[in-house]
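The values are calculated or read from the model by the stated rules, or taken from the named source; none is laboratory data. Everything quoted here is computed from the prediction, not taken from an experiment. Here the Cβ positions follow ideal geometry from the backbone for every residue, glycine too, while neighbour counts run over all protein chains shown. Just so you know, the surface numbers come from the protein's heavy atoms only, side chains and all, with ligands and any DNA or RNA stripped out. Shrake-Rupley method; radii C 1.70, N 1.55, O 1.52, S 1.80 Å.
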Amino acid sequence: MIVLSDANLERAANFATYYSMQNAGQTCISIERVYVEEPVYDEFVAKVSEKVRALRVGKPNGYGTVEVGAITFPPQMDTIKEHVADAVQKGAHVLAGGNQVPGPGRFFEPTVLVDVDHSMKIMTEETFGPTLPIMKVRDAEEAVRLANDTPYGLASSVFSRDAARGEAIARRIEAGATTVNDAMINYAALELPMGGAKASGLGSRHGAGGIRKYCSQQAIVVTARLAFKREAHMYPYKSRTSRLLARFFKFLYGRGRRD
């Protein structure tokens with residue numbers, strides 16, 4: 001996710017919070033990291049941190065009693081803790097969360113980290129948990145360069161009040177889909193393609209491209225020189241032709257198995 005200095009920060013902060021923590025961050029196209037232009041960095045971080053701290057995590061006692069649920073796969077909890085610890089060891093600061101919730105179940109606190117960079121696993125590998133590292137960048141050029149500095153390329157977002165500028169930057173990001181002033185909407189809109197780039201895979205589902213993917217593909221072979229009116233293997237058969245064809249295929253594929 002890239003947040004430009006002219007972005008609607010309230011909207012950007014809401015999307016960053018929701019789409020990084022939705023399903024406890026265990027969505028393939030969830031927001032994994034954010035690059036924010038320097039002039040609005042502090043304000044954006046303050047908004048996101050306040051929103052994330054207000055999230056409730058744990059086992060629900062009824063509909064709407066928590067926002068962030070459990071980590072579904074036991075080894076994933078180890079990955080989340082490892083990535084957070086690695087970032088802190090290398091200089092990152094935790095502004096919200098940062099720990100596994102004590103007690104039964106696999107729950108991890110909704111976490112915001114700042115002072116992050118690409119030496120940290122949380123910025124270069126898929127954490128797949130309720131974490132949101134936020135990195136300050138000088139300008140859009142640096143944001144695009146860092147966004148593309150990854151082997152992955154499934155989804156991304158750009159936030160800007162100038163939709164044309166946002167789209168121009170979005171087209172430079174190496175991802176299967178990039179939204180402008182939104183996130184994950186391409187998954188909900190079935191007429192839009194859903195796919196990846198680089199190590200995130202090739203091809204797509206949904207949309208026209210997705211339909212073609214699941215249809216049989218047509219192979220075309222053109223015989224340019226029509227030397228005969230019909231081919232030798234076609235009707236009507238003649239005994240002489242059949243014997244010649246048998247010898248020909250025996251020559252090609254051998255005499256068969258010998259006991």
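Take each uninterrupted DSSP H stretch in the chain, measure its Cα extent along the helix axis, and return the ones at 15 Å or beyond whose mean Kyte-Doolittle hydropathy is at least -0.5.
On the way: long enough: 9-21 (18 Å, -0.13); 38-53 (23 Å, -0.54); 74-89 (23 Å, -0.63); 239-253 (21 Å, 0.04).
Within the chain the helices that satisfy the rule are 9-21, 239-253.
Mind ranking ARG145, ARG171 by accessible surface for me, highest first, 1.4 Å probe? Write out the running numbers ahead of the final one.
Details: ARG145 135, ARG171 185 Å².
From most accessible down to least: ARG171, ARG145.
Given +1 on the Cβ of Lys and Arg, -1 on the Cβ of Asp and Glu, and no further charges, what dipole in debye does region 77-182 carry about its Cα centre, rounded to the nearest 20? Write down the numbers at each step before the final one.
Working: 11 positive and 16 negative charges, 28 e Å.
So the magnitude is around 140 debye.
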List the residues whose amide H sits under 5 Å from the amide H of SER157, counting only those 5 or more places along or on another chain, with H placed 1.01 Å from N in the peptide plane. ILE2, THR179
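What does the C-alpha gyration tensor say about the overall shape of the chain? Classify as rounded when a/c is under 1.5, otherwise prolate if a/b is larger than b/c, or oblate.
On the way: a/c = 3.10, a/b = 2.28, b/c = 1.36.
Since a/c reaches 1.5 and a/b is larger than b/c, the shape of the chain is classed as prolate.
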Could you tell me which of GLY254, ILE31, GLY91 has its Cα farthest along the dipole of the chain towards the positive end, charges placed at Cβ (Lys, Arg +1; Asp, Glu -1), taken about the Cα centre? GLY254
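Students sometimes get this wrong: rank THR111, THR178 by accessible area, probe 1.4 Å, all chains present, largest first. Provide the component values of the computation, followed by the final result.
Values: THR111 0, THR178 40 Å².
Final ranking, largest accessible area leading: THR178, THR111.
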Distant-in-sequence amide H partners of ARG205 (H built 1.01 Å from N, under 5 Å): MET194, GLY195
About the Cα centre, and with charges only on the beta carbon of Lys, Arg (+1) and Asp, Glu (-1), how big is the dipole of the chain? Nearest 20 debye, please. 3040 debye
With a 1.4 Å probe and all protein chains in place, put ASP78, ASP182 in order of accessible area, largest first. ASP78, ASP182
Ranking PRO130, ALA177, GLY201 by how far each Cα lies towards the positive end of the charge dipole of region 123-202 (+1 on Lys and Arg Cβ, -1 on Asp and Glu Cβ), the top one is ALA177
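Can you compute the helix-only [θ] at 222 nm over the chain? Use -39500 (n - 2.57) per DSSP H run of at least 4 residues, normalise by all residues, nearest 500 deg cm²/dmol. Intermediate values should be presented prior to the final figure.
Numbers: 9 runs with 91 residues, N = 259.
Mean residue ellipticity, 222 nm, calculated: -10500 deg cm²/dmol.
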